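Chemist: Structure incoming, see below.
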Amino acid sequence: MRRSLLFLPGNQPSLLQNGAVLPADALIFDLEDAVAADEKDSARYLVASALRHLDFGRREKIVRINDDHTLREKDIRAVVRAGADTIMPPKIAGSALLQEIGALLDEIEQEAGIEAGRTKLMPLLETAAGIELAYESALASSRVVALALGGEDLAADLGCSRSREGKELLYSRQRLIIAARAAGIEAIDTPFTDAQDNTGLLEDALLAKSLGFSGKLAISPQHLKGIHQAFTPTGAEIAYALEVIKAMEAGLSSGLAAVSLRGKMIDKPVVEQAEKTLAIARASGLLAAAEEIADAE
């Protein structure tokens, strides 16, 4: 489950420690933008140490590596051996670099005795070229599990200003979602950059959910509550999904591939959406209670 993915500066020990108790679904240990040039080596050591010695529970541990080729391999070697689940390469545009990183991961996993293919990739698309080549990036490697959108750098590359409503990124968001879904992977939305505007954050997260994103990047722990509110199914949505599954099971037992529920036609695509809703509810710990209520009724 990737509803919320929280950035943590790789050069700040206290914030890395806080990651062990923050309610994010995934943590992104940042070695790139959050770290000054003269602190890159120390941040890499600090993140690797945190990955080895701190218990982050079931949270996905993602590391945003540096774009600079002189630092990239050092970052990857250090954090993969330390237990990173996923590598986030920035400013990806197409398949070439992802395939190069994939080959390096093959080598590191073999050397370190790590299960082959265990380390995943989540490319960060934050340039016009990155959006244009989104589908190529999504298919670059079997390790790619999601595409993530970096709105600030993208807006700068497009020559536009970021707005609270985010209309300037609408096409890019939709283009990334289509590419990701066509490749059978997840799409992760850009962060909302005003850490104090919780209302704006919720509106932005709800828009992202409505477009088809699986979750959202976050730059502040204050945003986690709103992101979870947007991307977690409501009680009514869970109840309806259970109804859909039950109605379809009854239909299939009678030889029907489509059934009517509440005056609407229920077929395979509707069932698949219901199954996704229930999967999120299960991962959020909400499904058992909803099933009890449904059984009681």
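Quick note: the coordinates plus some simple rules give every number you see, no bench work behind them. None of these values were measured; they are calculated from a predicted model. Cβ sites come from the backbone with ideal geometry, for glycine too, and all protein chains shown count toward neighbours.
Chemist: Considering only residues that are surrounded by fewer than 17 Cβ atoms within 10 Å (Cβ to Cβ) and of a type outside the set (Asp, Glu), which ones fall in the stretch 66-80?
Modeler: From the stretch 66-80, those surrounded by fewer than 17 Cβ atoms within 10 Å (Cβ to Cβ) are 67-70, 73-74; that's our starting set.
Within the stretch 66-80, HIS69, THR70, LYS74 qualify.
Chemist: Of all residues being of a type in the set (Val, Ile, Thr) and outside any helix (DSSP H, G or I) in the stretch 99-131, which is surrounded by the most Cβ atoms within 10 Å (Cβ to Cβ)? Just the residue, please.
Modeler: Here is the first cut: in the stretch 99-131, the ones of a type in the set (Val, Ile, Thr) are 101, 108, 114, 119, 127, 131.
In the following step, the residues that additionally are outside any helix (DSSP H, G or I) were identified as 114, 119, 127.
Values: ILE114: 15, THR119: 24, THR127: 19.
The residue in question is THR119.
Chemist: Let me ask something else. Go through the stretch 57-91 and give me each residue that's among the acidic types (Asp, Glu) and over 17 Å from ALA26 (Cβ atoms). Working first, answer last.
Modeler: Here is the first cut: in the stretch 57-91, the ones among the acidic types (Asp, Glu) are 60, 67-68, 73, 75, 85.
Those that are among the acidic types (Asp, Glu) and over 17 Å from ALA26 (Cβ atoms): ASP67, ASP68, GLU73, ASP75.
Chemist: Pull up the stretch 139-165, narrow it to residues that are touching a Leu at 6+ places or on another chain (Cβ under 6 Å) and under 22 Å from GLY212 (Cα atoms), then point me to the one that is surrounded by the fewest Cβ atoms within 10 Å (Cβ to Cβ).
Modeler: Within the stretch 139-165, the first condition is being touching a Leu at 6+ places or on another chain (Cβ under 6 Å), and the residues that meet it are 140-141, 143-144, 147-151.
If we keep only those that are under 22 Å from GLY212 (Cα atoms) too, we end up with 140, 143-144, 147-151.
Numbers: ALA140: 23, ARG143: 19, VAL144: 23, LEU147: 27, ALA148: 29, LEU149: 28, GLY150: 23, GLY151: 22.
So the residue we want is ARG143.
Chemist: Let me ask something else about it. Please report, ordered by residue number, the helices (runs of 4 or more DSSP H) entirely within the stretch 142-239 with at least 1 residues that are under 30 Å from ALA116 (Cβ atoms), touching an Asp or Glu at 6+ places or on another chain (Cβ under 9 Å) and touching a residue at least 24 places away in the same chain (Cβ under 8 Å). Walk me through it before giving the result.
Modeler: Values: elements: 151-158, 170-182, 198-211, 224-231.
Where helices (runs of 4 or more DSSP H) fall fully within the stretch 142-239 and carry at least 1 residues being under 30 Å from ALA116 (Cβ atoms), touching an Asp or Glu at 6+ places or on another chain (Cβ under 9 Å) and touching a residue at least 24 places away in the same chain (Cβ under 8 Å), they are 170-182.
Chemist: In the stretch 14-55, which residue that is among the hydrophobic types (A, V, I, L, M, F, W, C) and within 17 Å of the chain's Cα centre (by Cα) is surrounded by the fewest Cβ atoms within 10 Å (Cβ to Cβ)? Let's see the steps before the verdict.
Modeler: Step one: list which residues in the stretch 14-55 are among the hydrophobic types (A, V, I, L, M, F, W, C), which gives 15-16, 20-22, 24, 26-29, 31, 34-37, 43, 46-48, 50-51, 54.
Then keep just the ones that are within 17 Å of the chain's Cα centre (by Cα); that gives 22, 24, 26-29.
Numbers: LEU22: 16, ALA24: 24, ALA26: 24, LEU27: 26, ILE28: 26, PHE29: 29.
Only one residue fits best here, namely LEU22.
Chemist: When the residues of the stretch 1-21 are narrowed to those that are in contact with a helix residue (DSSP H, G or I) (Cβ under 7 Å, 6 or more places away or on another chain) and in a strand (DSSP E or B), which ends up farthest from ARG59 (Cα to Cα)?
Modeler: So in the stretch 1-21, the residues in contact with a helix residue (DSSP H, G or I) (Cβ under 7 Å, 6 or more places away or on another chain) come out as 1, 3-4, 6, 8-11, 13, 16.
If we keep only those that are in a strand (DSSP E or B) too, we end up with 4, 6, 8-9.
Numbers: SER4: 10, LEU6: 11, LEU8: 13, PRO9: 17 Å.
Among them, the one singled out is PRO9.
Chemist: Within the stretch 72-95, restricting attention to residues that are touching a residue at least 40 places away in the same chain (Cβ under 8 Å) and assigned to a helix (DSSP H, G or I), which residue is nearest to the chain's Cα centre (by Cα)?
Modeler: Step by step, filter the stretch 72-95, then rank; the result is VAL79.
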